[in-house]
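The structure appears below as structure tokens.
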Amino acid sequence: MGRKKDFNYFEAFVDLSKYSLEAAKLLNDTLNNFNTMLLPDKIKEMHEIEHSADLAKHKVINRLFKEFLPPIEREDIISLSQKIDDITDAVEDVLIRIDIYNVKSIPPEILEFTNLIVECCNSIHKALLEFQNFKKSKELPSLIIKVNSLEEEGDALYVNAVRKMYRSSKDPITLMIWTEVLQRLEICCDACEDVADDIESVVMKNS
């Protein structure tokens, strides 16, 4: 009788990152083609992605409980799984805020941010594809650097967008809404950087 195939944690990380990337693309598409009538369906679709990501994360953690000798330290597997899932949660949170605040139109600065988040999530996905062969990969370091660079772009975009809003609008409700949404968008980029930092930490510990 053949030996049961081992669980591949690195492939599981890649699968988790697919949900984050799918969520980021859905957010970007929804806001670029914004239609308040379609928003409830988009939120439902986003929640289904988030729920599937949660189930996938729990599968990794449950498997880890039974694992005799995982390929990297247990706490690193738990941390990476949670932080990849945090990206998906953060992206969903943006769309929820758009709905809660009854937004009717999307400023161009917001669309610039959602494009950046897609790029961040795509870079994380590529980094995790390389992660399994981190001891030999020549691309992984540059992908980590790229995520860090994109997060810095997000910081600058946030500061510039908030500054522009406070200089062009006097309406406190409008300012409150978009300051909050921009903060949520920045959190998405921060969440991506957290994953990149975890990947880099594992590489350093296992080099």
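Quick notes on this one:
- Between Glu67 and Asp197, the FRET efficiency from the beta-carbon distance, with R0 = 25 Å, is close to 0.55.
- Estimated vicinal HN-Hα couplings, Hz - segment 168-184 in sequence order (Karplus 6.51, -1.76, 1.60; Gly, Pro = x): 10, 10, 10, 7, x, 5, 4, 5, 5, 4, 6, 5, 5, 4, 5, 4, 5
- Cα centroid separation, segment 41-72 to segment 93-154 (Å): 20
- Mean separation of Cα contacts under 8 Å, 6 or more apart, over the residue count of segment 5-125: relative contact order %: 49
- Estimated FRET transfer efficiency when R0 is 22 angstrom, pair Glu11-Lys44 (beta carbons, to 0.05): 0.20
- Neighbour-count order for Ile49, Ile124, Ile173, Ile106, fewest beta carbons within 10 angstrom listed first: Ile173, Ile106, Ile49, Ile124
- Test item: Cα-centred dipole of the chain, Lys/Arg +1 and Asp/Glu -1 on Cβ, debye: 460
- Candidate cross-link partners of Lys126 among the lysines, defined by an alpha-carbon separation under 18 Å and a same-chain spacing of 8 or more, comprise Lys18, Lys25, Lys83, Lys135, Lys136, Lys138, Lys146.
- Taking the number of Cβ atoms within 10 Å of each Cβ as an exposure proxy, the fewest-first ranking of Ser123, Ser20, Ser105, Ser137 is Ser105, Ser137, Ser123, Ser20.
- Here Met165, Met37 are placed in order of increasing Cβ neighbour count within 10 Å, fewest first, which gives Met37, Met165.
- Phi to ³J(HN,Hα) by Karplus 6.51 cos²θ - 1.76 cosθ + 1.60 over segment 132-143, Hz, x for Gly, Pro: 4, 10, 4, 6, 10, 5, 9, 8, 4, x, 5, 5
- Between His58 and Thr174, the simple spin-label model (points 7 angstrom out along Cα→Cβ) gives 4.4 nm.
- Net lengthening on full extension, Asp99/Glu139 (0.36 nm per residue, minus Cα-Cα): 10.5 nm
- Available extension along the chain between Ser149 and Asn33 is 39.0 nm, counting 0.36 nm per residue and deducting the alpha carbon span.
Every number in this text was worked out from the coordinates using simple rules, so none of it is lab data. If you're wondering where the values come from, they're calculated on a predicted model, not measured in any experiment. Ideal geometry is used to build each Cβ from the backbone, glycine not excepted, and the neighbour counts take in all protein chains shown.
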